[in-house]
């Protein structure tokens, strides 16, 4: 009887331990057809909008296990697209992004925390050209559901919005800002749909 009691206690303890351990979050695949890396910058009075056509990343996220979640993003700078070829070539040149020397921009998380409800923050390192800075990127988690187009797949959605000072990353000389031609603050929007099997 005593041995049976010990066995029962051991089984219950094991069950409780298993319930307190979170499974490792699954890795999601970025749906490139429905995701984008966009930017806005002031030109005199107008706002110029553009995007980067070529990017990739690693995305591991579970709202129930934030501590084990992580993400990274790599953007091919050559893929910049403002819909004006002459301007894009200027942005690729040594005066701005110097894409031959610095072909990629990267972001790698070090910490993810929940702010409130579906609002989170990514803290990590952003590298543009030869400059790496610690940044905090707020993002919204829109939720997760069965993919309406593929019933055996899950889809989740996220959007991050933040602003960087391009001059702090050596993107373009300060003369254009001083002339009132190109603003120094760049608004960045990253919108992601990510996919994984159930």
Residue 58 paired with residue 127, simple spin-label distance in nm, labels 7 Å along Cα-to-beta-carbon: 1.3 nm
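With each run of n ≥ 4 DSSP H residues scored as -39500 (n - 2.57), what mean residue ellipticity at 222 nm is computed for the chain after dividing by its residue count and rounding to the nearest 500 deg cm²/dmol? The partial results should precede the final answer.
On the way: 3 runs with 31 residues, N = 198.
The helix contribution divided over the chain gives -4500 deg cm²/dmol.
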How far apart, in nm, are the 7 Å Cα→Cβ label points at residue 84 and residue 167? 2.1 nm
Dividing the Cα radius of gyration by the Kirkwood radius, what Rg/Rh value follows for the chain? 1.15
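Using a Förster distance of 30 Å, how high is the FRET efficiency between residue 40 and residue 140, based on the Cβ-Cβ distance and rounded to 0.05?
Numbers: r = 18 Å, r/R0 = 0.60.
Between residue 40 and residue 140 the formula returns 0.95.
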Rounded to the nearest 0.05, FRET efficiency between residue 65 and residue 116 (Cβ-Cβ, R0 22 Å) equals 0.75
Starting from 0 in steps of 5 Å, tell me what percent of the Cα-Cα pairs of the range 24-120 lands in each bin. 2, 11, 17, 19, 16, 13, 10, 8, 3, 0
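For residue 72 and residue 153, FRET efficiency with R0 = 25 Å and r from the beta-carbon atoms, rounded to 0.05? Intermediate results must be reported in sequence, preceding the final value.
On the way: r = 22 Å, r/R0 = 0.90.
So the FRET efficiency works out to roughly 0.65.
Each value in this text was obtained by applying a stated rule to the coordinates, not by laboratory testing. As the structure is a prediction and not an experimental result, all values here were calculated from the model. All Cβ positions, glycine included, derive from the backbone under ideal geometry; neighbour counts span all protein chains shown.
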